[in-house]
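The values are calculated or read from the model by the stated rules, or taken from the named source; none is laboratory data. Model, not experiment: these values are computed from the prediction. As a convention, Cβ positions derive from the backbone with ideal geometry for all residues, glycine included, and neighbour counts pool all protein chains shown.
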Amino acid sequence: AQSVTQLDSHVSVSEGTPVLLRCNYSSSYSPSLFWYVQHPNKGLQLLLKYTSAATLVKGINGFEAEFKKSETSFHLTKPSAHMSDAAEYFCVVSGGGSYIPTFGRGTSLIVHP
Amino acid sequence: NAGVTQTPKFRILKIGQSMTLQCAQDMNHNYMYWYRQDPGMGLKLIYYSVGAGITDKGEVPNGYNVSRSTTEDFPLRLELAAPSQTSVYFCASGGGGREKLFFGSGTQLSVL
């Protein structure tokens with residue numbers, strides 16, 4: 001069994017300040033973890049993925065995430081938010097014994113000028 | 001290189017009508033999925049397929065049917081549309097659990 005919890009439904013930051021989107025997961029197997037981004041009225045695009053190599057994963061547009069097995073977390077960060085980062089972000093767990101990705105409920109990132 | 005092509009983009013149905021959402025991928029992926037997205041609820045899996053001729057129910061299959069006669073195509077059928085099926089639908093394909101998903105652009109469906 002697997003599940004994922006995104007701890008915040010909304011995160012609001014000012015442009016130029018750091019971004020932290022939190023994700024905790026549960027999996028019976030060694031998981032693969034993903035972050036996807038969805039801009040308004042668009043499909044989903046992969047930001048980054050973890051598949052048991054380096055625990056710090058770098059993605060597109062300056063985002064990165066750190067896999068912490070002891071905390072069962074995979075938080076997404078960015079040092080400095082841009083207005084174009086405003087979107088919905090989904091944490092996803094998959095792999096191991098399951099080929100069915102499980103999505104979190106999403107975190108809406110709001111960026112203020 | 002089209003990726004995942006999903007049609008139509010928008011549709012309005014009357015209660016009780018039926019329709020088929022089309023999904024096609026050109027990446028030779030075995031795994032294909034249908035999700036629905038409702039505000040604040042993330043993506044819920046409706047049906048999935050692990051290869052041609054093999055389909056299975058996801059989390060919210062009631063009111064829907066699928067078929068997978070070829071590797072490329074995975075249509076979703078709505079029978080007797082209900083207002084509860086008003087949602088945004090996404091088709092996705094991928095190479096398996098540890099591989100990323102490729103998404104279509106979505107279908108916004110309203111049932112009135």
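Some points to look at:
- B:SER93 polar (S, T, N, Q), buried (at least 16 other Cβ atoms within 10 Å of the Cβ), free of Cβ contacts under 8 Å to residues at least 40 places away in the same chain and closer than 25 Å to A:PHE34 by Cβ: no
- Out of A:PHE90, A:PHE67, one residue alone is modelled with pLDDT under 95 and buried (at least 18 other Cβ atoms within 10 Å of the Cβ). It is A:PHE67.
- Some residue of the stretch B:65-88 being over 11 Å from the mean Cα position of the chain (by Cα) and facing another protein chain (nearest Cβ under 9 Å): no
- Just one of (1) within 14 Å of chain A (Cβ to nearest Cβ); (2) closer than 25 Å to B:GLY40 by Cα; (3) crowded, with 16+ Cβ neighbours inside 10 Å fails for B:GLU59. It is (3).
- Those residues of the stretch B:43-55 which are within 9 Å of chain A (Cβ to nearest Cβ) and surrounded by fewer than 21 Cβ atoms within 10 Å (Cβ to Cβ), in sequence order: B:LYS44, B:LEU45, B:VAL50
- Taking the criterion of being more than 15 Å from B:MET19 (Cβ to Cβ) and buried (at least 20 other Cβ atoms within 10 Å of the Cβ), the residues of the stretch B:69-90 that qualify are B:PHE74, B:PHE90.
- If you go through the stretch B:28-72 and keep only what is touching a Gly at 6+ places or on another chain (Cβ under 7 Å) and among the hydrophobic types (A, V, I, L, M, F, W, C), you end up with B:LEU45, B:ILE46.
- Verdict on A:GLU71 being of a type outside the set (Gly, Ala, Ser), assigned to a loop (DSSP other than H, G, I, E, B) and away from every other protein chain (no Cβ under 13 Å): yes
- Criterion violated by B:TRP34 - all others in (1) at pLDDT 95 or above; (2) surrounded by fewer than 19 Cβ atoms within 10 Å (Cβ to Cβ); (3) within 14 Å of chain A (Cβ to nearest Cβ); (4) in a strand (DSSP E or B) satisfied: (2)
- Selection count where residues are assigned to a loop (DSSP other than H, G, I, E, B), surrounded by 12 or more Cβ atoms within 10 Å (Cβ to Cβ) and not hydroxyl-bearing (Ser, Thr, Tyr), scope the stretch A:43-64: 3
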